[in-house]
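A short worksheet on the structure shown next.
The values are calculated or read from the model by the stated rules, or taken from the named source; none is laboratory data. The structure displayed is predicted, hence computed values, not measured ones. Note that we place each Cβ from the backbone using ideal geometry, even for glycine, and neighbour counts take in every protein chain shown.
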Amino acid sequence: MDSVHALDSDYVRDQLVPRTTDVNQKRTRPDGAWVLYWMQSTQRIEENWALRAAIRAADKVGKPLVIHQGLDPTYPHASDRHHHHILHAARDTARDADARGFAYQFVLRRRRDDDRRVLDRLAADAYCVFTDRFPTAGVDARTWRLGERVDCRVLAVDSSCIVPSGLLPKAEWAARTIRPKLAKLRDVSLERVEERGPRRALTRDEQQRLDDARRVDALPFRAWAERDADAVNRAIAQHIAECEIDHRVAPVTSFVPGATAAAARLDEFVHARLASYTTRRNEAADDWTSHLSPDLHYGHIAAAAVVRAALASDAPRADVDAFVDQVLTWRELSYNWCLRTPRFDALSALPDWIQRTMAAHAADPREETYTLEALDQAETDDALWNAAQRQLVQQGVIHNYARMLWGKQVIRWAPTYEDARAWLFHLNDRYALDGRDPNSVGGIMWCLGLWDRSWGNKPIWGGLRPMLTSRAKLKFDVGRYVRQWSGRGLR
Ligand SMILES: Cc1cc2nc3c(=O)[nH]c(=O)nc-3n(C[C@H](O)[C@H](O)[C@H](O)COP(=O)(O)OP(=O)(O)OC[C@H]3O[C@@H](n4cnc5c(N)ncnc54)[C@H](O)[C@@H]3O)c2cc1C
């Protein structure tokens, strides 16, 4: 199904085709009790293409729909930070599902030796399984493993991209090659499709069958909706404390997760900051960008909704275009790279000119070197780099311009290019709320030359674009940014 489809009047409805991948080509099970939507990376009810596909299938065969979300202690970099984000956001998902009459359940597996077969039992009773297509954070890998294990069809649907990813079947080589293709398909892809709930609810018997298959309790979101915020916060904190995850990476309580907060963030950005996005977005201390990357990463907001809001605003065209270019071109370039490139996060995936320049400069002496531990603790001699690392550790993001510098310096300091690559992924994905994303891959691989051209031939850098923190003061107020993240009381 990953092929290009001609545009016609039914294109919007048919966006489901180029968004859908048949994971295991197995048969549907006519005696299945329900259609299952396994919610992984698109953690929302609105504008969710996988959910939409599941509703259609359920209606077509007259079966009820079950939405299952699970959280395991085994995902990459599982920590209090990510668990807090996911669990709090799920309150919005449960509320929105309830409002639309969907059967939604969330199962938290606290310890590695807790029951790990819940999903398999739900799938064993399913007509077919829909899930989200998402190349990073282990999502696609988990999906394909499920596809092998279960005895019914598993379909993965892309709800992350604005332009259905199946319409771009090859790896694009640069922003300039993907930009015109996306631009051509943008407006039709942004059209809203009317939403509706499934026609058929679970009967009492089917609900019992579902409870029997699940065997463990789902989280009590309905009961929590009646309780005061402090009590719910305490209950969620207690659940997290019981999980076998990394408790050293703390939640970012200043960033409210979930669909409601994401919509408010978008609204605030569009009205307060979009109008001067072009001139102020690189001023790291002002933090003038949208702050939507964690929302987009977890699927708490649809990228299409973000772009529609920007296009509908009164902000100057240049600001709107610059912002839309980030959300559409750069973000979907990263998705395209990850979907279409085997081993997309390995040095070996980078173009030949980068392989050659790295081979030629592999033995160049690194004048300053730091260990991964020193980088993690922000203990370098570079005040700007330390400030960026502290922002990452405390806030769970780094301002984009500082993030480019942050990534580039590690190339100078790590003993090898492979160490630089591995350390950047480790630091980014461990702490960033938007980490483990196709954009994490795009950003880090860009530092290592991806989508760029050769910039000459300098020691260590070879042909890679050199970026030095010492020159950053030409771009933004470094002193103010460093003072903001000076480290007092941060750890
Ligand atoms: C080393 C490095 C690592 C990065 N790691 C991540 C990551 O883990 N997750 C992540 O989402 N982004 C990552 N980026 C890209 C970029 O830094 C962030 O997307 C951006 O800073 C998020 O802030 P914002 O939402 O306020 O951005 P805005 O400027 O408001 O942009 C809006 C949206 O556009 C997209 N976008 C913006 N800049 C880029 C970009 N350069 N590439 C791709 N998409 C972009 C993002 O989805 C972003 O949320 C990384 C960049 C570098 C150089």
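Data for the structure
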{"read-out": "Residue in the stretch 46-53 that is without any contact (Cβ under 8 Å) to a residue 60 or more places away in the chain, over 14 Å from Leu108 (Cβ atoms) and surrounded by fewer than 24 Cβ atoms within 10 Å (Cβ to Cβ) present", "value": "no"}
{"read-out": "Those residues of the stretch 255-293 which are near the ligand (Cβ under 10 Å from one of its atoms) and among the acidic types (Asp, Glu), in sequence order", "value": "Asp287"}
{"read-out": "Verdict on Glu332 being more than 10 Å from the ligand (Cβ to nearest atom) and among the charged types (D, E, K, R)", "value": "no"}
{"read-out": "Given (1) in contact with a helix residue (DSSP H, G or I) (Cβ under 9 Å, 6 or more places away or on another chain); (2) modelled with pLDDT of 95 or more, index of the condition Asp31 fails", "value": "(1)"}
{"read-out": "Residues located in the stretch 71-108, provided they are under 22 Å from Leu433 (Cβ atoms), assigned to a loop (DSSP other than H, G, I, E, B) and not small (Gly, Ala, Ser)", "value": "Asp72, Pro73, Thr74, Tyr75, Pro76, His77"}
{"read-out": "Any hit, the stretch 152-170, residues being in a loop (DSSP other than H, G, I, E, B), out of contact with any helix residue (DSSP H, G or I) (no Cβ under 8 Å at 6 or more places or on another chain) and surrounded by fewer than 13 Cβ atoms within 10 Å (Cβ to Cβ)", "value": "no"}
{"read-out": "Test: residue in the stretch 469-476 that is assigned to a helix (DSSP H, G or I), in contact (Cβ under 8 Å) with a residue 40 or more places away in the chain, within 15 Å of the ligand (Cβ to nearest atom) and among the polar types (S, T, N, Q)", "value": "yes"}
{"read-out": "Which listed residue is buried (at least 17 other Cβ atoms within 10 Å of the Cβ) and in contact with a Lys or Arg (Cβ under 8 Å, 6 or more places away or on another chain), from Leu328, Leu375", "value": "Leu328"}
{"read-out": "Residue list for the stretch 265-284, restricted to those being under 11 Å from Phe323 (Cβ atoms) and without any contact (Cβ under 8 Å) to a residue 40 or more places away in the chain", "value": "Phe269, Arg273"}
{"read-out": "Evaluation of Asp230 against (1) surrounded by 15 or more Cβ atoms within 10 Å (Cβ to Cβ); (2) assigned to a helix (DSSP H, G or I) (one fails), failing number", "value": "(1)"}
{"read-out": "Count of the stretch 122-151 residues which are more than 30 Å from Ser189 (Cβ to Cβ) and surrounded by fewer than 16 Cβ atoms within 10 Å (Cβ to Cβ)", "value": "4"}
{"read-out": "Ala57 being assigned by TED's automatic domain parsing to the domain that holds Leu219, farther than 24 Å from Asp295 by Cα and in a helix (DSSP H, G or I)", "value": "yes"}
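For every residue, the table says whether it meets (1) out of contact with any Pro (no Cβ under 6 Å at 6 or more places or on another chain); (2) within 12 Å of the ligand (Cβ to nearest atom); (3) among the hydroxyl-bearing types (Ser, Thr, Tyr).
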residue	(1), (2), (3)
Ala304	yes, no, no
Leu311	yes, no, no
Val324	yes, yes, no
Asn336	yes, yes, no
Leu339	no, no, no
Arg343	yes, no, no
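For (1) among the aliphatic types (A, V, I, L, M); (2) over 21 Å from Gly138 (Cα atoms), each residue gets a yes or a no:
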{"position": "Gly407", "(1), (2)": "no, yes"}
{"position": "Ile411", "(1), (2)": "yes, yes"}
{"position": "Ala422", "(1), (2)": "yes, no"}
{"position": "Leu427", "(1), (2)": "yes, no"}
{"position": "Arg430", "(1), (2)": "no, no"}
{"position": "Asp434", "(1), (2)": "no, no"}
{"position": "Leu450", "(1), (2)": "yes, yes"}
{"position": "Arg453", "(1), (2)": "no, yes"}
{"position": "Lys458", "(1), (2)": "no, yes"}
